[in-house]
Structures are given as C-alpha cells and as structure tokens.
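FYI, it's all coordinate maths here, none of it is from the lab. Small disclaimer: the values here were computed from a predicted structure and weren't measured. Positions of Cβ are generated from backbone atoms using ideal geometry, with glycine treated the same way; all protein chains shown enter the neighbour counts.
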Amino acid sequence: MKKKIKKIVHNCPYITALLGTWLFLTAGGIALLIYRGHGEHDPKTFWEHPFFAVIMEQEIHGSAGSASKVEAAMAGADRPEKSDGDQNIDKITKVTLDETGDGPSGIRQTGNVREKEADPDRAEPDTEPGLVREKQVRGRTIFATYTPVETHSIYYTDVGEVALTTDYPYTTVGEDYFEDAAFIGDSRTLGISDYSGLDADFYCENGMTIYKMFDEKGIVYQKSGEKVNLLEALQQKKYGKIYIMLGMNELGYRDTNYFMEKYKEIIEQIRALQPQGIIYVMANLHVSEQKNNNETEFNNININAKNDAAAKLADGVQVFYLDCNPLFTDDNGFLKADLTFDGVHLYADSYTVWKTFLMEHGVIRQEDGKAEKKS
C-alpha cells in the first residue's frame, strides 16, 4: 500500500499538490471556526498571523527557504506586541495627539510622538570610477492623529490627522539665503513680503488660488507691482528655493482631493522648470476661535484638511513641508486673538517671528553633479 502511494506521489505531483492544498485549506477553515468561536479575535487578524502569511507566500511563490521562514514566524508569534514607542511606519509616520486636547475644532498640534526608526542615509552611486557623492539625507513628514468629528460639507471632511513640519536636520541661515528665493501665495504671503524684510522675489496677491496662479492674466510681482506670467518668470530666472503657501481661498471651492491633485500638478510643473530648486510647501495659518465658530467653510478643520493634503506632497529630498502654526496658535490650535486684527491675518510685527522660523529651516545640500575624488 505504501509503495502504491509513493508511486502515485511520484507520478502525479500536480494531483498531490492540489490534494495538499485542499487539506491545508480545510484545516485552516476548521481552525478559523474554532478561533472565531472564542469571540475575541478578528478573522482578518487571524489570517495575517505571521505563520499563515509565510505559508501563503510558499503556496503562491514557492520561494526557497520557506521552512526556515515558518520557523522564524512561529518563533516570534508569541512575542508581545511592541509598545507605542516602538512602532515603525515605513512611509508616513502617524502619532497620537494628547488626550487632553479640546477636540479637533482647533486642531491641537501637541501630542505624544511615537518614535520611528529614521530613514537611513542614502549614498548616491558613483557616476565615474574613483568618484563618490556625499550621502543624501531624506526628511520625514510626521502626521499626528486625533479622533475626527462628523462634517456635513461638500468641500471637506475631518481628516483626523495633523501634518507636522518635515523632520530634517535644518540649518539656520542668514537673510542672504533668500536672495535666490521665490515666494508664491495669497494675502498671507503678501504680508511676508511687506513686513518681513526679506529680499526675495514675491509673486503674490489677495485672493490668489492654486487654480489660477499660472493663469494667463498673471500674478503680481511685488518688486515692480505689475502682473507677470508666472510660468514665463520661472523659465527666465533660476531659483534655489521656492516657497508656496496656498489653500485659504480654496476652502469653499471643490473638495480636498481636487485641491491636492492641482497642488501636485503645480509642484510637478515647478520641478520641471526649476529642477535644482528646493520647494517649501508652507502650511496655511489657522484662524481665531471667533472666526472659526462664525464661518461655515472658513474653519480650522477645513484648513487642516488642505494643509494635510499639501504635506503629503513633501518627499523630504526636494520638497519640504513647513508649519509655523505653533508660533501663533493657542493650546487649542486657534490663532491667538491678540496677534490678529480680523481673525485671519497677522499684525505686522508677527512677520519678523515668521522670518526667524524660515531662517531656522534652511536646507543646505551639495550641488548636483559635484563630487570629490577618493583619497
């Protein structure tokens, strides 16, 4: 009898494989019924157990060394879950806001940050024998989570997370850092132009939106006071840094996904025109509590949703997200009433604080193409 079974196994490997798979799935189904009978476990979590994950990989890919993978998975199956301080997230780090927050209406920006293993430095490959590039550091944009509230708007939803300034080893720079910088934005950017004292090129005006910044009608170039075609301006002059802050005038037009798609298109266009430039996506300031409570769409939940969408475009290499809200908001995330005359815009003296923030967040990197000879 044993010889007959061996002969069948030897001559009919496919049938044997199918039979083995059937037996495995049958056993798994029975185990699942028993597992679910305890009423304490999620079936999805059950099938995501490391043991079954490796088994399914073996069944689908037939990868070598699967037995050792199963042993390793089972060896770690009973280990306790990592604490919050040990959780690692590959692309987007999410942290939980302090439970003492007063709700998402102000979008608090303080919380207990979960530590994350930093992305390793990435060494550029040698372009020629005997040449080596410096390692390139990649920044990380961290998102702090909170419990969202229900909204009833066609323009936004509560995204339940707050984007924080891209984590990166910034350099404190002098005012000369901005001599080859371009600022693009609306009335808040206009305030930086008027009151910060920075000697940069400002393309901004009241009411500017992401949807019309490349419009043929143009945008005001503050040094001349005339409207210029921004696409042409970016083709004619090379900038080392481009600062963008848009989203306030978009709060009541289309939804956040549409805003994000357009913002992505804008950044891609700028990168094509200014491949050497570092792009800073600046967060929109929150509004005061009174302004927040008196408006339908012009509120901090909506502003936070737009900021969150813009922050997701930062790659930590050429595009960085900067949020200066903590400098001007109270513990509940509202713009401080004594810093604003209308609940939206800052008094003139606050723009020097904003300038200091920008000077503390300079990105200095090796020029593309520059290399040093190995010793």
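Details
- Distance between the modelled labels on Ile154 and Ala272, one decimal in nanometres: 3.1 nm (7 Å Cα→Cβ projection).
- Length-normalised contact order for the stretch 185-294 - Cα pairs under 8 Å, 6+ apart - percent: 25 percent
- Amide proton proximity set for Ile242, modelled H, under 5 Å, gap of 5+: Ala182, Ile278, Ile279, Tyr280
- Rounded to the nearest whole Hz, the Karplus-based 3J(HN,Hα) values (6.51 cos²θ - 1.76 cosθ + 1.60, θ = phi - 60°) of the stretch 344-356 follow the sequence 10, 9, 7, 5, 4, 5, 6, 6, 5, 5, 4, 4, 4, with x at glycine and proline.
- Neighbourhood charge, 9 Å Cβ-Cβ cut-off, centred on Cys204 and excluding it, Lys, Arg +1 and Asp, Glu -1: -1
- Remark on Glu250: its backbone amide H falls under 5 Å from none of the residues 5 or more positions apart or on other chains, H modelled at 1.01 Å from N.
- Chain lengthening between Glu297 and Gln235 when straightened (0.36 nm per residue, less Cα-Cα): 18.7 nm
- Proxy reagent accessibility, fewest Cβ within 10 Å first, across Lys312, Lys238: Lys238, Lys312
- Put simply, the amide H of Thr145, placed in the peptide plane, has neighbours under 5 Å in Val95, Thr96, Leu97, Val162, leaving out anything fewer than 5 places away on its chain.
- Cα lying deepest toward the dipole's positive end in the stretch 130-214, options Ser153, Gly139, Ala200, charges on Cβ: Gly139
- Per-residue Cβ neighbour rank within 10 angstrom, fewest leading, Ser196, Ser153: Ser153, Ser196
- Neighbour counts of other Cβ atoms within 10 Å put Asp167, Asp176, Asp323 in the fewest-to-most order Asp176, Asp167, Asp323.
- Cα-based shape type of the stretch 182-266, given that a ≥ b ≥ c are square roots of the gyration tensor eigenvalues and the cut on a/c is 1.5: prolate
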